[in-house]
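Notes follow once the structure below has been shown.
The values are calculated or read from the model by the stated rules, or taken from the named source; none is laboratory data. As the structure is a computational prediction, the values presented were derived from the model and not from experiment. Here the Cβ positions follow ideal geometry from the backbone for every residue, glycine too, while neighbour counts run over all protein chains shown. Surface areas here come from the heavy atoms of the whole protein model, side chains and all, with no ligands, DNA or RNA. Shrake-Rupley method; radii C 1.70, N 1.55, O 1.52, S 1.80 Å.
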Amino acid sequence: VKPISNARYQQECGACHFAYPPGLLVEASWAQILTEKALEDHFGENAELDSDTLNELRHYVLEGAADKSYFKRSRKIAYASQGKPDVIRITDVPYIRRKHHDIPEALIKGNDKVRTLSQCSACHTQAEQGNFDDDLVRIPGYGAWDK
C-alpha cells in the first residue's frame, strides 16, 4: 500500500498506535472514524483533535483510501470490502482477516510482543514503508511465517 506521506498524520495517529496507511480501509470506513464524535471515543480512548488537524487528517486519509488507490493490496482490500462500509477496524477488513486466518492464535494473542493483529509492525517488518508482503513477515519468537 502507499506508505504514509503526511507528517501530521504520522505524528497524531502514531503517538498512540501503529499509524495505519490510508490504503488499508475504504473511504466510507475512514469517514466514520474521523469525525469529532467518533474521536471522542476512538476504540475506548479520547482522541479528539482540533478542527484544523482533524480536517487535514480526514482529507489525507479520504484521498488515499483503498478504493481510491492504485496500489495492488489496497485494490484487493477495496474489492473485498464492497458492501461493507461499516467496517472500521483494520483487523475486521475481510481481505486482512482472510490473509491472517491460518496463523495460530498462540502466535498472536499468546505472544507478548504481538498480542493483537492491530500491531501490524510487530510482524510486518516493512509495514512502515507500506510493504505487507508475506515474505517479509517475522513473528517475534517464531521467525518467518510460511503457511
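Does residue 117 qualify as being surrounded by fewer than 18 Cβ atoms within 10 Å (Cβ to Cβ) and either among the aliphatic types (A, V, I, L, M) or in contact with a Leu (Cβ under 7 Å, 6 or more places away or on another chain) (or both)?
Values: surrounded by fewer than 18 Cβ atoms within 10 Å (Cβ to Cβ): no; either among the aliphatic types (A, V, I, L, M) or in contact with a Leu (Cβ under 7 Å, 6 or more places away or on another chain) (or both): yes.
Against the criterion (surrounded by fewer than 18 Cβ atoms within 10 Å (Cβ to Cβ) and either among the aliphatic types (A, V, I, L, M) or in contact with a Leu (Cβ under 7 Å, 6 or more places away or on another chain) (or both)), residue 117 does not qualify.
Scan the range 115-147 residue by residue and report those that are out of contact with any strand residue (DSSP E or B) (no Cβ under 7 Å at 6 or more places or on another chain), closer than 25 Å to residue 11 by Cα and outside any helix (DSSP H, G or I). Steps first, please.
Taking the range 115-147 and keeping what is out of contact with any strand residue (DSSP E or B) (no Cβ under 7 Å at 6 or more places or on another chain), we get 115-122, 126-131, 133-135, 139-143, 146-147.
Checking which are closer than 25 Å to residue 11 by Cα leaves us with 115-122, 126-131, 133.
Scanning the range 115-147 gives 115, 116, 117, 118, 119, 126, 130, 131, 133.
Sort out which residues of the range 65-86 are open to solvent by less than 30 Å² (accessible area, probe 1.4 Å) and not β-branched (Val, Ile, Thr), and write them in order of number. Reasoning before the result, please.
Taking the range 65-86 and keeping what is open to solvent by less than 30 Å² (accessible area, probe 1.4 Å), we get 65-66, 69, 74, 77-78, 80-81.
If the condition is that a residue be open to solvent by less than 30 Å² (accessible area, probe 1.4 Å) and not β-branched (Val, Ile, Thr), then 65, 66, 69, 74, 78, 80, 81 are the ones that fit.
When the residues of the range 87-113 are narrowed to those that are of a type in the set (A, V, I, L, M) and over 12 Å from residue 139 (Cα atoms), which ends up most open to solvent (accessible area, probe 1.4 Å)?
First, the residues of the range 87-113 that are of a type in the set (A, V, I, L, M): 87-88, 90, 93, 96, 103, 106-108.
Checking which are over 12 Å from residue 139 (Cα atoms) leaves us with 87-88, 90, 93, 96.
Details: 87: 25, 88: 61, 90: 16, 93: 2, 96: 23 Å².
Selected residue: 88.
Show the residue pairs meeting these rules: Cβ distance below 6 Å; 6+ apart or different chains; first residue within the range 130-141 and without any contact (Cβ under 8 Å) to a residue 12 or more places away in the chain and more than 17 Å from residue 69 (Cα to Cα); second residue open to solvent by 60 Å² or more (accessible area, probe 1.4 Å) and not hydrophobic (A, V, I, L, M, F, W, C).
From the range 130-141, no pairs qualify.
If only one of 57, 34, 49, 39 is touching a Phe, Trp or Tyr at 6+ places or on another chain (Cβ under 6 Å) and either surrounded by 12 or more Cβ atoms within 10 Å (Cβ to Cβ) or over 23 Å from residue 133 (Cα atoms) (or both), which one is it?
Working: 34 fails: touching a Phe, Trp or Tyr at 6+ places or on another chain (Cβ under 6 Å); 49 fails: touching a Phe, Trp or Tyr at 6+ places or on another chain (Cβ under 6 Å); 39 fails: touching a Phe, Trp or Tyr at 6+ places or on another chain (Cβ under 6 Å).
After ruling out the rest, the residue left standing is 57.
Select from the range 122-136 the residues that are touching an Asp or Glu at 6+ places or on another chain (Cβ under 9 Å) and either among the hydrophobic types (A, V, I, L, M, F, W, C) or surrounded by 13 or more Cβ atoms within 10 Å (Cβ to Cβ) (or both) and list them in ascending order.
Residues satisfying the conditions are 124, 126.
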